[in-house]
Amino acid sequence: MNDAVVRSFRILQEEDILMPNILDTLPFPLEIFSPDGTSVYFNQAFNELYKIADAGLVIGNFNLLNDPICNDRMGLRESIRKAFSGEAVLITDFRLPVQDLMDLGVTRDRPFESAFMDVYLSPVLNENKLHFVLCVFIVKNIYQGRPEVAKAKEYIDLHWQGGFDHRAVARSVNISVTQLYKLFEQYSGMTPGDYHKRCKIEHIKEKLADKSLSVKEAFAACGEDSQGRIARVFKSITGLSPAEFRRSSRNYTRIAP
C-alpha cells in the first residue's frame, strides 16, 4: 500500500495534475504523510526551506512515526500518534534539528544555523478512515549568517522577557563580550542590546493586538511598565505610541526583529 501511495503522488506530479501545482504555489512549507507515517510529498516551499539534496532520501523513505529524533529526543511521540489517530495537533516552537539533517545527508550544505516554527499536523479523513496527514510548517524565526551571531540572536529570543545581560549572551556562544559586540554589529547592523529591545517590542506589539488586554496589561505580560522607559523605546521604534498602535493593530502579525 505504501508504494502505491508514493507512486500516486509521483504520477500526479509527472502528469501535471492540478493538486501538486496548487500545493507548490503555497508560501509555507508542507509535507504529506501516508497513514503508515511515510513521507509521500513535499512542496516547493518545503524544498526551499530544507534545501533537500535528493528527494528520494525523504519521499518513500522517511517515516515520521518511526523517526527517533522527532518521537524520542524531541519528545513528540504523543503528538504525532494523536495526528495519525485522526486528531488535529499543533506543535508550537518546534526547533528544527538542522544538524541531524546535515548528518543524514538530507540537506545540501547548511541551509541555516537554526529555526523555530509552529507545526500543524492535520489528518485527512474520508468516511472516518485516515487517508493522509498534512504537516504544515509556519516559520517563526530562522537564524542565518555568522554562527556566533545567529546563536546569540537565538539566545536573546529565548530570554527576551528578562533584562538584557550581555555577559550571559556572550557565555551562551562562548566568546568575550567585546567579540560579541564587534561581530553582532558587523553582521546585524545593531548591538545585542538593541536587538533585545526590538525583540521585546515585537512581543509587546503582539500583546497589544489582543483586545482583551488593556495597554497596561499588555506591557505587564511582557514584564514591563507601560509608563516606563520602554514605552518611549516603543514609540521610537514603531513611530506610534502604544495606544496608537493598539488602534492600528487589527491585522498585526509578529515578525522577528
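The values are calculated or read from the model by the stated rules, or taken from the named source; none is laboratory data. Computed from a prediction, not measured in an experiment: that's the story for all the values here. Positions of Cβ are backbone-derived with ideal geometry, glycine not excepted, and every protein chain shown enters the neighbour counts.
Every residue in the range 220-246 that is among the hydroxyl-bearing types (Ser, Thr, Tyr) and in a loop (DSSP other than H, G, I, E, B), please.
Correct list: 226, 241.
Tell me which residues, restricted to the range 161-202, are loosely packed, with under 14 Cβ neighbours inside 10 Å and of a type in the set (S, T, N, Q).
161, 174, 176, 178, 179, 186
Which residue is nearest to residue 129 (Cα to Cα), if the candidates are limited to the range 9-40 and must be of a type in the set (S, T, N, Q) and either at pLDDT 50 or above or not in a helix (DSSP H, G or I) (or both)?
So the first thing to find is which residues in the range 9-40 are of a type in the set (S, T, N, Q), and the list is 13, 21, 25, 34, 38-39.
Of the ones still in play, those that are also either at pLDDT 50 or above or not in a helix (DSSP H, G or I) (or both) are 21, 25, 34, 38-39.
Values: 21: 26, 25: 28, 34: 12, 38: 17, 39: 18 Å.
So, considering only residues that are of a type in the set (S, T, N, Q) and either at pLDDT 50 or above or not in a helix (DSSP H, G or I) (or both), the one nearest to residue 129 (Cα to Cα) is 34.
Quick check on my filter: what residues within the range 95-111 are outside any helix (DSSP H, G or I), surrounded by fewer than 18 Cβ atoms within 10 Å (Cβ to Cβ) and within 17 Å of the chain's Cα centre (by Cα)?
Of everything in the range 95-111, those that are outside any helix (DSSP H, G or I), surrounded by fewer than 18 Cβ atoms within 10 Å (Cβ to Cβ) and within 17 Å of the chain's Cα centre (by Cα) turn out to be 95, 97, 110.
Would you mind stating whether residue 59 is in a loop (DSSP other than H, G, I, E, B) and under 22 Å from residue 34 (Cα atoms)?
Values: in a loop (DSSP other than H, G, I, E, B): yes; under 22 Å from residue 34 (Cα atoms): yes.
For residue 59, the condition - in a loop (DSSP other than H, G, I, E, B) and under 22 Å from residue 34 (Cα atoms) - is met.
Which of the residues that make up the range 214-233 are at pLDDT 90 or above and either in contact with a strand residue (DSSP E or B) (Cβ under 8 Å, 6 or more places away or on another chain) or closer than 21 Å to residue 140 by Cβ (or both)?
If the condition is that a residue be at pLDDT 90 or above and either in contact with a strand residue (DSSP E or B) (Cβ under 8 Å, 6 or more places away or on another chain) or closer than 21 Å to residue 140 by Cβ (or both), then 218, 221, 222 are the ones that fit.
Output yes when any residue across the range 45-55 is more than 18 Å from the chain's Cα centre (by Cα), farther than 30 Å from residue 155 by Cα, surrounded by 13 or more Cβ atoms within 10 Å (Cβ to Cβ) and not small (Gly, Ala, Ser), and no when none is.
First, the residues of the range 45-55 that are more than 18 Å from the chain's Cα centre (by Cα): 53-55.
Within this subset, residues satisfying the condition of being farther than 30 Å from residue 155 by Cα are 54-55.
Checking which are surrounded by 13 or more Cβ atoms within 10 Å (Cβ to Cβ) leaves us with 55.
The next check asks that each one be not small (Gly, Ala, Ser); those that pass are none.
The answer is no; no qualifying residue exists.
Check whether at least one residue in the range 241-249 is of a type in the set (Lys, Arg), over 29 Å from residue 111 (Cβ atoms) and buried (at least 19 other Cβ atoms within 10 Å of the Cβ), and report yes or no. Steps first, please.
First pass over the range 241-249, keeping only residues of a type in the set (Lys, Arg): 246-247.
With the extra rule that they be over 29 Å from residue 111 (Cβ atoms), the set shrinks to 246-247.
Narrowing further to those that are buried (at least 19 other Cβ atoms within 10 Å of the Cβ): 246.
Looking through the range 241-249, at least one residue is of a type in the set (Lys, Arg), over 29 Å from residue 111 (Cβ atoms) and buried (at least 19 other Cβ atoms within 10 Å of the Cβ).
Could you list, in sequence order, all residues of the range 112-121 that are out of contact with any Asp or Glu (no Cβ under 9 Å at 6 or more places or on another chain) and either in a strand (DSSP E or B) or outside the structural domain of residue 33 (by TED's automatic domain parsing) (or both)?
Within the range 112-121, the subset out of contact with any Asp or Glu (no Cβ under 9 Å at 6 or more places or on another chain) is 112, 115, 119-120.
Answer for the range 112-121, where residues must be out of contact with any Asp or Glu (no Cβ under 9 Å at 6 or more places or on another chain) and either in a strand (DSSP E or B) or outside the structural domain of residue 33 (by TED's automatic domain parsing) (or both): 115, 119, 120.
Is it the case that the range 216-226 has a residue that's basic (Lys, Arg), out of contact with any Asp or Glu (no Cβ under 9 Å at 6 or more places or on another chain) and either surrounded by 19 or more Cβ atoms within 10 Å (Cβ to Cβ) or free of Cβ contacts under 8 Å to residues at least 24 places away in the same chain (or both)? Walk me through how you get there before you give the answer.
Filtering the range 216-226 for residues basic (Lys, Arg) gives 216.
This time we only want the ones that are out of contact with any Asp or Glu (no Cβ under 9 Å at 6 or more places or on another chain), so: none.
No; the residues of the range 216-226 include none that is basic (Lys, Arg), out of contact with any Asp or Glu (no Cβ under 9 Å at 6 or more places or on another chain) and either surrounded by 19 or more Cβ atoms within 10 Å (Cβ to Cβ) or free of Cβ contacts under 8 Å to residues at least 24 places away in the same chain (or both).
For the range 62-74, give me each residue that is in contact with an Asp or Glu (Cβ under 8 Å, 6 or more places away or on another chain) and either not assigned by TED's automatic domain parsing to the domain that holds residue 121 or not in a strand (DSSP E or B) (or both). It would help to see each step written out before you state the result.
First pass over the range 62-74, keeping only residues in contact with an Asp or Glu (Cβ under 8 Å, 6 or more places away or on another chain): 63, 65, 69.
Of everything in the range 62-74, those that are in contact with an Asp or Glu (Cβ under 8 Å, 6 or more places away or on another chain) and either not assigned by TED's automatic domain parsing to the domain that holds residue 121 or not in a strand (DSSP E or B) (or both) turn out to be 65, 69.
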